């Protein structure tokens, strides 16, 4: 059984924890530095990336998270979590954790009214999966060591670099468990 932390400062963390536990693992809400001590992997959920970035600093989590991820802690950023991990954000000089070699366009699919659901291909998962996009970012470009795992309308919506996984979409808002299984398998490697 793996112990998987979900950043619980803001955003859709409860849904991730429910899925982790339905898959037979322990889900832990991460709010303090001490919460990071016994986890095998970490999910940075969807939410509001600017608020989450500020809270990482306010709760003294930013620097220790950067170090743990650099040291190999498996991490999965969904939607806002993708923005937190990106080394560059289009039209924004501010970055947050700046660890993944991606250039992200925030709100790439428009505002709340531009939200949609689609079935798409995710490399490494056999069948198409349900993908929910809510004010979703997409990846405009990737570094040379990245693996693109999914595209919708020729826009990159899922990628992996070493111990880091990012998705533009919210798997936790569907009945699809496959992306969570994919991340748990990353932890096992």
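Read the figures in this text as sums done on the coordinates, not as results from a lab. Just so it is clear, the model here is predicted, and its values are computed rather than measured. Here the Cβ is made from the backbone with ideal geometry for all residues, glycine too, and neighbour counts use every protein chain on show.
Percent relative contact order of the chain, based on C-alpha pairs within less than 8 angstrom and at least six residues apart?
Working: 416 pairs, mean separation 34.2, N = 189.
This gives 18 percent for the chain.
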Once residue 33 and residue 188 are pulled to full extension, the length gained, defined as 0.36 nm per residue separation minus their Cα-Cα distance, is 53.5 nm
Suppose each label sits 7 Å from its Cα in the direction of the beta carbon; what would the residue 1-residue 173 distance come out to in nanometres? 3.0 nm
Which value at 222 nm does the chain reach when only helices count, each DSSP H run of 4 or more adding -39,500 (n - 2.57), with the total divided by all residues and rounded to the nearest 500 deg cm²/dmol? -7000 deg cm²/dmol
Label-point separation (nm) for residue 98 and residue 154, each offset 7 Å from Cα along Cα-to-Cβ? 3.2 nm
Counting C-alpha atoms alone, how compact is the chain: give Rg to one decimal and Dmax as a whole number, in angstrom. 14.9, 42
Under a Gaussian network model of the chain whose springs join Cα atoms within less than 10 Å, the largest fluctuation of 24, 150, 120 belongs to 24
Running a GNM on the chain with Cα contacts under 10 Å, which residue among 80, 12, 136 ends up with the highest mean-square fluctuation? 12
